[in-house]
């Protein structure tokens, strides 16, 4: 009788340890995914902070491009107010499009292109875009790992009971957004 009790107790301990292992793994991946999203937010904030300076620089040279500057400002505001990967992704894609238009218009102003301040802002924005891309890859890798962990059997049973939800990828919406931005100054 005591052997049977020890076997049952041992099985219960193993099951509890297994559940703890699954739970801790899920929490670790959830926290890594949250941290990766935070990295994207940091880079997007840096981008948002650069845009007003860029607009002010362009304003001085291209004052009759008021509508374009307003579009960039509006796209920036929408991107800052967006929440969640899907909505943020749409807003960021819109902001990228308006920034491309701004740089395209800047082509028509040789003195603007020659401006040291504009060139510095362009370099900082380009660097920020590269950091956003790296943060996006890091986030999406963490989302992939987290989603895989909560979807495989038997983890999906425990994840479902503990209300772990599949995360959305932060992705580019259309093929034109996948192309590199060509800015020539």
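The values are calculated or read from the model by the stated rules, or taken from the named source; none is laboratory data. Just so it is clear, the structure is predicted and the values come from calculations on it, not from any experiment. Cβ: placed from backbone, ideal geometry, glycine included. Neighbour counts: every protein chain shown.
May I ask you to say which residue of 120, 131 is over 18 Å from residue 68 (Cα atoms) and touching a helix residue (DSSP H, G or I) at 6+ places or on another chain (Cβ under 6 Å)?
Numbers: 120 fails: touching a helix residue (DSSP H, G or I) at 6+ places or on another chain (Cβ under 6 Å).
Answer to the selection: 131.
From 51, 40, which residue is within 28 Å of residue 166 (Cα to Cα) and crowded, with 18+ Cβ neighbours inside 10 Å?
Values: 51 fails: within 28 Å of residue 166 (Cα to Cα).
Exactly one of 51, 40 is within 28 Å of residue 166 (Cα to Cα) and crowded, with 18+ Cβ neighbours inside 10 Å, namely 40.
Please determine whether any residue of region 100-116 is under 22 Å from residue 31 (Cβ atoms), without any contact (Cβ under 8 Å) to a residue 40 or more places away in the chain and either surrounded by 19 or more Cβ atoms within 10 Å (Cβ to Cβ) or out of contact with any helix residue (DSSP H, G or I) (no Cβ under 9 Å at 6 or more places or on another chain) (or both).
Within region 100-116, not a single residue is under 22 Å from residue 31 (Cβ atoms), without any contact (Cβ under 8 Å) to a residue 40 or more places away in the chain and either surrounded by 19 or more Cβ atoms within 10 Å (Cβ to Cβ) or out of contact with any helix residue (DSSP H, G or I) (no Cβ under 9 Å at 6 or more places or on another chain) (or both).
Yes or no, residue by residue, for (1) surrounded by fewer than 19 Cβ atoms within 10 Å (Cβ to Cβ); (2) under 30 Å from residue 26 (Cα atoms); (3) at pLDDT below 85:
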| residue | (1), (2), (3) |
| --- | --- |
| 91 | no, yes, no |
| 119 | yes, no, yes |
| 123 | yes, no, no |
| 135 | no, yes, no |
| 138 | yes, yes, no |
| 153 | yes, yes, no |
| 160 | yes, yes, no |
| 167 | no, yes, no |
| 174 | yes, no, yes |
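Identify all residues within region 62-95 that are assigned to a loop (DSSP other than H, G, I, E, B) and over 15 Å from residue 43 (Cβ atoms); write none if there are none.
Answer for region 62-95, where residues must be assigned to a loop (DSSP other than H, G, I, E, B) and over 15 Å from residue 43 (Cβ atoms): 62, 63, 64, 65, 83, 84.
Just name the residue that is surrounded by the fewest Cβ atoms within 10 Å (Cβ to Cβ) out of those in region 24-34 that are under 15 Å from the mean Cα position of the chain (by Cα) and touching a residue at least 60 places away in the same chain (Cβ under 8 Å).
Within region 24-34, the match that is surrounded by the fewest Cβ atoms within 10 Å (Cβ to Cβ) is 32.
Of all residues being in a helix (DSSP H, G or I) and free of Cβ contacts under 8 Å to residues at least 12 places away in the same chain in region 145-170, which is nearest to residue 87 (Cα to Cα)? Just the residue, please.
148
Considering each residue of region 57-98, count those that are within 23 Å of residue 38 (Cβ to Cβ) and free of Cβ contacts under 8 Å to residues at least 60 places away in the same chain, and give that number.
Within region 57-98, residues that are within 23 Å of residue 38 (Cβ to Cβ) and free of Cβ contacts under 8 Å to residues at least 60 places away in the same chain number 14.
Identify, please: which residue in region 39-51 is over 8 Å from the mean Cα position of the chain (by Cα) and without any contact (Cβ under 8 Å) to a residue 40 or more places away in the chain and is, among those, nearest to residue 145 (Cα to Cα)?
45
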